[in-house]
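Written out below as structure tokens is the structure these notes cover.
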Amino acid sequence: GEPSLRREGAAGLGVLRGASLVVGLDGCIKAVGQADVIRKQFSEATFEKIIDCSGKCVLPGLIDAHTHPVWAGDRVHEFAMKLAGASYMEIHQAGGGIHFTVEHTREATEDELFTTFQHRLERMLRAGSTLVECKSGYGLNLDTELKMLRVIERAKESMDIGISSTYCGAHAVPKGKTATEATDDIINNHLPKLKELKLSGEIHVNNIDVFCEKGVFDLESTRRILQAGKDIGLQINFHGDELHPMKSAELGAELGARAISHLEEVSDEGIMAMARAKCAAVLLPTTAYMLRLKQPQARKMLEEGVIVALGSDFNPNAYCFSMPMVMHLACVNMKMSMNEALAAATINAAYALGKSDTHGSLEVGKQGDLLIINSSRWEHLIYQFGGHEALINYVIIKGKVVYENQRCETMSSY
């Protein structure tokens with residue numbers, strides 16, 4: 001069956017039984033519908049590959065709307081500190097957290113970063129992600145931020161998985177600078193350089209991000225950076241209202257942000273403003289789970305008409321590659337329905353990245369990114385907590401099989 005998801009809502013989750021789907025050589029979907037009708041329609045056509053999905057399910061490829069996948073040096077030692085009761089900000093202020101990762105990322109070579117990044121993307125792909133938003137942000141100086149963005153650019157060119165790249169130079173205030181100095185450096189040095197590299201075709205960044213948070217970048221610095229990014233053609237997609245209410249959502253709505261992430265502490269006014277501005281909320285159930293924070297108000301956002309998307313927030317603090325696990329957590333901890341979670345990890349995540357016209361659902365004309373799962377019920381993708389290695393049978397990008405799972409041939413997923 002194929003869930004073809006209507007824009008922005010889970011109400012339009014359509015499941016087709018006994019259906020077929022055709023992807024053309026250009027990588028786009030040519031037909032979706034009843035198998036016998038399609039067989040007749042394409043009786044003269046020749047196919048490079050035909051996959052028999054009897055007893056299986058075809059779904060849109062999953063889209064991870066928020067990740068930090070380029071870095072060196074894991075933070076496994078900090079996990080133990082958190083379990084013993086240290087807060088995120090306590091670790092951050094003691095020079096750990098983002099600062100620890102920044103030191104290791106600055107020291108790593110571009111090739112080292114690329115190799116680990118590639119492995120992480122491959123793991124995301126095997127868990128069903130076909131389009132991933134990838135941020136820089138562990139450089140905090142121009143050279144390292146550009147090194148990270150070049151690594152992301154290399155993966156865009158050499159790998160099948162789709163990538164939306166984000167400049168996140170305002171991820172933390174670098175040691176020895178004030179927030180105002182860091183803001184000026186980004187606006188006067190970083191962004192002009194990105195504009196120049198975009199014009200020369202060397203690096204194509206899609207989004208701009210700022211960690212708008214108490215003790216990091218305040219509302220005014222955030223406004224200046226996001227506006228400057230928007231002025232060079234970047235989509236606004238930033239971290240807001242995570243640990244303290246900052247009125248980030250109101251700011252994002254006013255600036256025409258495409259998406260805001262986290263929002264654990266968003267105000268009611270912020271939720272209404274985002275709904276009116278059609279600004280997507282990228283919710284990250286792994287973060288609230290890992291840091292034992294208050295859960296984002298997914299239900300209230302959905303009721304107010306906010307476009308809710310999901311991301312794994314993969315980073316050294318929340319080491320999760322798997323959108324199926326993220327959907328499961330969203331259902332259990334944020335009280336979303338399975339339909340809402342699937343919409344949030346496909347069409348709405350595509351919307352959050354400005355790609356809902358080409359990605360996120362199985363519709364004619366869209367890119368042929370799909371999953372085939374080894375179950376006759378699509379809900380197994382969410383119902384099973386982990387265990388996707390025996391459930392995801394094929395991952396297909398632009399009609400090309402990029403991952404085929406042999407285990408599915410011998411194992412039933414039930």
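The table below lists the values:
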item: Test: Leu226 is out of contact with any Leu (no Cβ under 7 Å at 6 or more places or on another chain), without any contact (Cβ under 8 Å) to a residue 40 or more places away in the chain and hydrophobic (A, V, I, L, M, F, W, C); result: no
item: Residue check for His262: without any contact (Cβ under 8 Å) to a residue 40 or more places away in the chain, open to solvent by 10 Å² or more (accessible area, probe 1.4 Å), within 30 Å of Ala80 (Cβ to Cβ) and not aliphatic (A, V, I, L, M); result: no
item: Of residues in region 207-230 being among the charged types (D, E, K, R) and closer than 12 Å to Asp241 by Cα, the one most open to solvent (accessible area, probe 1.4 Å); result: Lys214
item: Hits in region 371-395 (condition: open to solvent by 10 Å² or more (accessible area, probe 1.4 Å), closer than 21 Å to Lys49 by Cβ and among the hydrophobic types (A, V, I, L, M, F, W, C)); result: none
item: Long-range neighbours under 7 Å by Cβ, at least six apart or interchain, first residue within 20 Å of Gly95 (Cα to Cα) within region 191-218, second in a strand (DSSP E or B) and of a type in the set (Val, Ile, Thr); result: Phe217/Val210
item: Yes/no for Leu310 being open to solvent by 20 Å² or more (accessible area, probe 1.4 Å) and not basic (Lys, Arg); result: no
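The values are calculated or read from the model by the stated rules, or taken from the named source; none is laboratory data. Everything quoted here is computed from the prediction, not taken from an experiment. Because the Cβ atoms are built from the backbone with ideal geometry, glycine has one as well, and the counts that use them run over all protein chains shown. In case anyone asks, the SASA skips ligands and DNA or RNA and just uses the protein heavy atoms, side chains included. Shrake-Rupley method; radii C 1.70, N 1.55, O 1.52, S 1.80 Å.
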